[in-house]
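Below: the structure, in structure tokens.
Throughout, read-outs are computed from the coordinates displayed, never taken from laboratory work. Remember, it's a predicted structure, so these values are computed and weren't measured experimentally. Note: ideal-geometry Cβ built from the backbone for every residue, glycine included; neighbour counts use all protein chains shown.
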Amino acid sequence: MTKREEQTKSQSLTEVVVSRFTVLVVATFTAELFVYDLFGVNVSTGQNVGMMIYWSLQSILIGYMLRRYFERKVALDDDNQNGDIYSI
């Protein structure tokens, strides 16, 4: 069995920033155009951009932390399967 190549921290951050930010930009502007009006919420474009920045930063931080957690967990599981129980 070949060992899986671990994702670096910069690769994790790039993945999260690109994927999350793209999704949030589309979702936020879609919400501004349709959802807010549907519920009678008046939000300016400036407020919408502010919320988008907040939710983007929060999502990037959470996504990065989860990615690093699972990268470490998989690496530890791989080490333990190879008989290396003292790896951290």
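Quick check on my filter: what residues within region 14-29 are among the aliphatic types (A, V, I, L, M) and either in contact with a Gly (Cβ under 8 Å, 6 or more places away or on another chain) or surrounded by 12 or more Cβ atoms within 10 Å (Cβ to Cβ) (or both)?
Narrowing region 14-29 to residues among the aliphatic types (A, V, I, L, M): 16-18, 23-27.
16, 17, 23, 24, 25, 27, listed by residue number.
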Can you name every residue in region 20-33 that is within 13 Å of residue 60 (Cα to Cα) and either of a type in the set (Lys, Arg) or free of Cβ contacts under 8 Å to residues at least 12 places away in the same chain (or both)?
20, 22, 23
Regarding residue 51, is this residue under 30 Å from residue 10 (Cα atoms) and surrounded by 13 or more Cβ atoms within 10 Å (Cβ to Cβ)?
yes
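Find the residue count for region 34-50, including only residues that are assigned to a helix (DSSP H, G or I) and either in contact (Cβ under 8 Å) with a residue 40 or more places away in the chain or aliphatic (A, V, I, L, M) (or both).
Of all residues in region 34-50, those assigned to a helix (DSSP H, G or I) come to 34-38, 45-50.
Subset that is either in contact (Cβ under 8 Å) with a residue 40 or more places away in the chain or aliphatic (A, V, I, L, M) (or both): 35, 38, 49.
Number of matching residues: 3.
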Flag if residue 11 is surrounded by fewer than 15 Cβ atoms within 10 Å (Cβ to Cβ) and either within 18 Å of the chain's Cα centre (by Cα) or of a type in the set (Gly, Ala, Ser) (or both):
yes
